[in-house]
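Worksheet: one structure, shown below.
The values are calculated or read from the model by the stated rules, or taken from the named source; none is laboratory data. Remember, it's a predicted structure, so these values are computed and weren't measured experimentally. Cβ placement follows ideal geometry from the backbone for every residue including glycine, while neighbour counts extend to all protein chains displayed. Calculation scope for accessible area: heavy atoms of the full protein, side chains included, ligands and nucleic acids excluded. Shrake-Rupley method; radii C 1.70, N 1.55, O 1.52, S 1.80 Å.
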Amino acid sequence: MKLAELETLFWRSVRFDPAPPEVDDAFVSHGALSGRDRMAIYRSMYWFRLVDVLIDSFPRTVSGMGIPAFTRMASKYIQKHPSENPAIERVGFRLAEFMESFSDESRLLADVARLEWLHLDAFISPNPKGLAAITDIRPELFAVQRLELSPSLRLTELAGGALERWAELEQDHPALAKSLDFSRRVPVAVWRGGFVAQHLSLEGDEARALELALAGAPLAEVCAAFADAPDPAQRAFSVLREWFARQWVAGFSTAGDDSNA
């Protein structure tokens, strides 16, 4: 067996349980331990490390569920969704999705986990190329000028109750508040400002505008999202001013051109 094939087999063996049957042929037995038994030791160490990473990455979710329940759930998650990224901190990217169908308890905390994942994802995202100011907007290019947004900026939709639950857990109130409203959906922006990941719930028109901006729409189209406001121009200017203040805007480009304007 070639080295590359042996490395691939080793990787499969530590990620999946049970290990592939060819392990016993590829790895020499030692004493009473077969090749598969020896690989199980590596797999257990690797899985314990992944569970530790999930505990560190989702502290509020852990607080809400308790460590024993979270550990059981995390072990099932790793079994169904083995790590696919060399960066171990990426292992939790599908945890919230998994929690939605795992149990009633985890379902109520799924959006808390989703928000924790987005915080982590924003924190480890690349730095923006620079920062732009609202005065950099060129009126003559308004119809085609696009905002180049920070790589850490994310737009999602969460249950309103999850935001309240997040605040409770942040204040160290782990008892699960089942009375919270988890049916109302709220648009939420997540980004890294300096060295801190943060989030903010948005009004519907701002969320629509941000969705357009993230999709690469020109400023004129982004500002059209505020057409139903009592004073659309003032509302658009006010929101854009906040985007720059939050350091969401890294620069500008023009429609059809990937270079900065």
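Kindly provide the set of residues from region 177-207 that are open to solvent by less than 60 Å² (accessible area, probe 1.4 Å), part of a loop (DSSP other than H, G, I, E, B) and within 16 Å of Glu157 (Cβ to Cβ), ordered by number.
Phe182, Leu202
What do you reckon, is Ser150 modelled with pLDDT of 95 or more, in contact with a Pro (Cβ under 8 Å, 6 or more places away or on another chain) and surrounded by 15 or more Cβ atoms within 10 Å (Cβ to Cβ)?
yes
Restricting to region 30-74, count the residues that are assigned to a loop (DSSP other than H, G, I, E, B) and either surrounded by fewer than 18 Cβ atoms within 10 Å (Cβ to Cβ) or at pLDDT below 90 (or both).
Pass one, region 30-74, residues assigned to a loop (DSSP other than H, G, I, E, B): 31-32, 34, 58, 66.
From what's left, either surrounded by fewer than 18 Cβ atoms within 10 Å (Cβ to Cβ) or at pLDDT below 90 (or both): 31-32, 34, 66.
Number satisfying all stated conditions: 4.
Among the listed residues Glu168, Glu116, which satisfies the condition of being of a type in the set (Asp, Glu), open to solvent by less than 70 Å² (accessible area, probe 1.4 Å), touching a residue at least 40 places away in the same chain (Cβ under 8 Å) and not in a loop (DSSP other than H, G, I, E, B)?
When all the criteria are applied, what remains is Glu116.
Kindly evaluate Glu157 against the criterion of being modelled with pLDDT of 90 or more and surrounded by fewer than 21 Cβ atoms within 10 Å (Cβ to Cβ). Let's see the steps before the verdict.
On the way: modelled with pLDDT of 90 or more: yes; surrounded by fewer than 21 Cβ atoms within 10 Å (Cβ to Cβ): yes.
So Glu157 passes the test.
Quick check on region 130-140. Is at least one of its residues open to solvent by 30 Å² or more (accessible area, probe 1.4 Å), free of Cβ contacts under 8 Å to residues at least 40 places away in the same chain, of a type in the set (A, V, I, L, M) and in a helix (DSSP H, G or I)?
no
What is the one condition in (1) under 18 Å from Ala236 (Cα atoms); (2) surrounded by fewer than 19 Cβ atoms within 10 Å (Cβ to Cβ); (3) at pLDDT 90 or above that Gln145 does not satisfy?
Here Gln145 clears every test but (2).
If you go through region 230-261 one residue at a time, how many are open to solvent by less than 20 Å² (accessible area, probe 1.4 Å), farther than 17 Å from Leu153 by Cα and modelled with pLDDT of 95 or more?
Within region 230-261, residues that are open to solvent by less than 20 Å² (accessible area, probe 1.4 Å), farther than 17 Å from Leu153 by Cα and modelled with pLDDT of 95 or more number 1.
Condition check: at pLDDT 70 or above, part of a helix (DSSP H, G or I), within 23 Å of Phe182 (Cα to Cα) and of a type in the set (Asp, Glu). Does Asp111 satisfy that? Don't jump to the end; show me each part of the working.
Values: at pLDDT 70 or above: yes; part of a helix (DSSP H, G or I): yes; within 23 Å of Phe182 (Cα to Cα): yes; of a type in the set (Asp, Glu): yes.
Yes.
Please tell me if Asp181 is modelled with pLDDT under 95 and at positive phi.
Spelling it out, it is not the case that Asp181 is modelled with pLDDT under 95 and at positive phi.
The conditions are (1) farther than 16 Å from Trp166 by Cβ; (2) modelled with pLDDT of 90 or more, and Glu84 fails exactly one of them. Which is it?
(2)
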